Amino acid sequence: MAPNTLVREKIKKKIVEAELLKDLARQVEEQGQVVVHIDYPPQRVPYAIRLWRNTFLISRSSDHRSKLLHAENISMAPVWTEVNGGKAFRFSLFFEGLPKDVLIFDLVEDIPEADGFFFQGIVRNEQDVYWLRG
């Protein structure tokens, strides 16, 4: 073959199933993050607060669950964060992104105890940043 000869090879196209393409598109959409800031008003007495890793954003329209990636200013169970009485308290949670078709979701701390975090009916916004009051 001559040194400057162009070599062409036929590339066989594989047909990708529509469901696989849909799943890939969903994965691309989910690369973003959802940020949730939770504010607690001042309490009269000191208290302790913590968060379990089993905390999710759960879609109301599908079986999608976004996992907790990171938490700021709150301890992860079994460690407790002590909050002084008379002071407001805020912490922030970072979750995996939600699919674009999710319009309403719940924040659920799925734990084997009473009184887990539960915020229902959160309406999606374009920024995927939310401010909740505990």
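For this structure, a couple of remarks:
- The one condition from (1) loosely packed, with under 15 Cβ neighbours inside 10 Å; (2) outside any strand (DSSP E or B); (3) at pLDDT 90 or above that Val16 does not meet is (3).
- Inside the stretch 58-109, residues that are free of Cβ contacts under 8 Å to residues at least 40 places away in the same chain, under 21 Å from Trp131 (Cα atoms) and outside any loop (DSSP other than H, G, I, E, B) make up a count of 10.
- Flag for Ala48 being assigned to a strand (DSSP E or B) and more than 28 Å from Gly32 (Cα to Cα): yes
- Note on the stretch 67-118: among residues that are out of contact with any His (no Cβ under 7 Å at 6 or more places or on another chain), among the β-branched types (Val, Ile, Thr) and surrounded by 17 or more Cβ atoms within 10 Å (Cβ to Cβ), the one that is farthest from Pro46 (Cα to Cα) is Val108.
- Pairs linking a residue in the stretch 110-128 that is farther than 21 Å from Gly32 by Cα to a residue that is among the aromatic types (Phe, Trp, Tyr) and in a loop (DSSP other than H, G, I, E, B), with Cβ atoms under 7 Å and 6 or more positions apart or on different chains, are Ile111/Trp52.
The values are calculated or read from the model by the stated rules, or taken from the named source; none is laboratory data. In this text, all values refer to a predicted model and were calculated from it rather than measured experimentally. In this analysis, Cβ positions are derived from the backbone assuming ideal geometry, glycine residues included, and neighbour counts consider all displayed protein chains.
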